[in-house]
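Quick note: the coordinates plus some simple rules give every number you see, no bench work behind them. Everything numeric here is computed off the predicted structure, so don't read it as measured data. Counting neighbours? That spans all protein chains shown, and the Cβs are built from the backbone with ideal geometry, glycine included.
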Amino acid sequence: MGRIIIVSNRLPITIHQNGTGFSYRSSAGGLATGLNSMDRSLERVWVGWPGEEITLPAIQEQVLEDLIQDGLVPVFLSKKEIELYYEGFSNKTIWPHFHYFTQYTTYQDDYWEAYSLVNQKFADAIKPILQPDDLVWVHDYQLMLLPAMIREFAPQTSIGFFLHIPFPSYEIFRVLPWREALLKGVLGADQIGFHTFGYMRHFLSAAYRLGGYEHLYGKLRVGHRLINVDVFPMGIDYEKYAHPEIDLYANDDSFKIKQLARNKRIIVSIDRLDYTKGIPQRIKAFEQFIERYPEYIGKVSLVLIAVPSRSNVDNYRKLKQSIDTLVGKINSAYGSFDWMPIQYLYRSLNFNELSTLYQVADIAMITPLRDGMNLVAKEYIAAKDETKRGVLILSEMAGAANELSSALLVNPHDINKMAEVIQQALEMNENEQVWRMETMQQHLKRYNVRHWANTFVQEQKRLMEQQQAFNNM
Ligand code: G6P
């Protein structure tokens, strides 16, 4: 068994060029954490974009040299490629479309061309480093063409593909003019994974209806190849959130977060600022809650953290404006000198602040309109490992709802009902909070991110060995 080559749009590190110099910043997403906690017996190489444009060739060379020591291989993208491939086809075509925001789907040939070219650029970066026994694991919607491109030059290589976002119903998928090419790209893999059974079912249906590919006992037959298609729900690093190493002397806002919760109850809401997350609906539900249950005025605050994301894309900018307006309207109408209904921040939190916020939050309200999985919901549950107190209000439309059925599940479009559920959560007795928490914690402890990554890779490895044995027969 050789190494594992991880390929994702973003590297777990961002490089920022300032003038003729540059600096590194780690981007600690769920994927990076998950893969870091994986079985260390496998040597690992990670191929991806370093997050910003690097214009100077001298810096590119230096970065290449530095990163390779840590097993990282950067794929540099020009400004134009970032605009057309990343902001364009990835985030103005596939992202809205796969999340059922078809009104936002942009149909532009230059986006598609750039998407194909950049996927090829990733393939070209992998080609010279690939060794015969390596196993490749490609991640997410930005790289759907890559599995087939790698298979072109390395037909015997074992390739895995995992989709972190929903795969939509066939009726939605079929609308895309590039549907066959996207499907064919993914079908270059030997193993294809999804977060939920529903996404997998939609994918199998698209494969059958567009390509006539049949599925039997978990295997999809494509020509002479058998592809393993399965469900691998991603977990979190449970212990990290259950027993956080909080730095009491850190120069950040953790202390202020604690103060905030001293004499009022806190509902927390944390997401990237994205139209799929249902932020305006959540705010409206909170507004309706204060209108219908005025006895809570002055006693409960919604702490709304919107993490900046894809801010060059128009729909994200517009959403920011409408959230700003909505929050302003509610705070000015109901706020007083000693209470603000919504504590709204447009920034990211460090781990210290995040853990503190989870700990003080009586309720977490995670109500996306569509979400592949949603790891924030899982982190909140883990953060309550010791106290067992707290209530999760979770959207039925998040992949996580399949596992977290002991949360209070809501339809994120049903604002009346969400207002009612906030009141129900605030009134929930301790026994009920504890049993709900414990049920979900047991599940998340077991099905953590290490389990997710190891299961995917072990399964792929098993397939690869079977294939090799078959070839040697
Ligand atoms: C989602 C996607 C990831 C992506 C992340 C952050 O979780 O599934 O592939 O990396 O959002 O988005 P960004 O565009 O900043 O990489």
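Values computed for the structure shown
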{"item": "Principal-axis tilt of helix 351-360 within the chain, Cα atoms, nearest 10 degrees", "result": "40 degrees"}
{"item": "Sparse-neighbourhood loop sites, trypsin sites (Lys or Arg not before Pro) in the stretch 321-421 - DSSP loop, at most 13 other Cβ within 10 angstrom", "result": "ARG347, ARG389"}
{"item": "Simple label model, 7 Å out from Cα along Cβ direction - ASP414 to ASN471, nm", "result": "5.3 nm"}
{"item": "Helix-only [θ]222 nm of the chain, DSSP H runs n ≥ 4, -39500 (n - 2.57) each, per residue, nearest 500", "result": "-12500 deg cm²/dmol"}
{"item": "Cα centroid separation - the stretch 248-298 against the stretch 316-330, whole Å", "result": "15 Å"}
{"item": "5 angstrom amide H check on ILE192, placed H, neighbours 5+ away", "result": "PHE161, ASN228, VAL229, ASP230"}
{"item": "Largest-first principal axis extents, alpha carbons of the stretch 279-412, Å", "result": "40, 38, 31"}
{"item": "In Hz, Karplus ³J(HN,Hα) per residue of the stretch 10-15 (6.51, -1.76, 1.60; θ = phi - 60°; x = Gly, Pro)", "result": "9, 6, x, 9, 10, 10"}
{"item": "Per-pair calculated FRET efficiency, R0 = 35 Å: GLU430 and ASP247 via Cβ, rounded to 0.05", "result": "0.70"}
{"item": "Full-extension gain in nm, TYR346 to GLU438, via 0.36 nm per residue minus C-alpha separation", "result": "29.9 nm"}
{"item": "Reachable lysines, given that their alpha-carbon falls under 20 Å from the alpha-carbon of LYS320 and they are not under 8 places away in the same chain", "result": "LYS92, LYS277, LYS284, LYS329"}
{"item": "Filtered chymotrypsin sites (Phe, Trp or Tyr not before Pro), the stretch 274-356: DSSP coil and at most 14 other beta carbons within 10 Å", "result": "PHE337"}
{"item": "Percent of beta bridges antiparallel (DSSP, the chain, rounded to nearest 5)", "result": "20 percent"}
{"item": "Nitroxide proxy distance, nm - points 7 Å out along Cα→Cβ at GLU291 and PHE337", "result": "2.9 nm"}
{"item": "Part-to-part distance (alpha-carbon centres) for the stretch 44-116 and the stretch 136-190, which is given in Å", "result": "16 Å"}
{"item": "The chain - percent relative contact order, Cα under 8 Å, separation 6 or more", "result": "14 percent"}
{"item": "FRET efficiency, 1/(1 + (r/R0)^6) with R0 35 Å, evaluated for GLN69 and THR387 via beta carbons", "result": "0.25"}
{"item": "Two-decimal ratio, the chain, of alpha-carbon radius of gyration to 2.2 N^0.38 Å", "result": "1.00"}
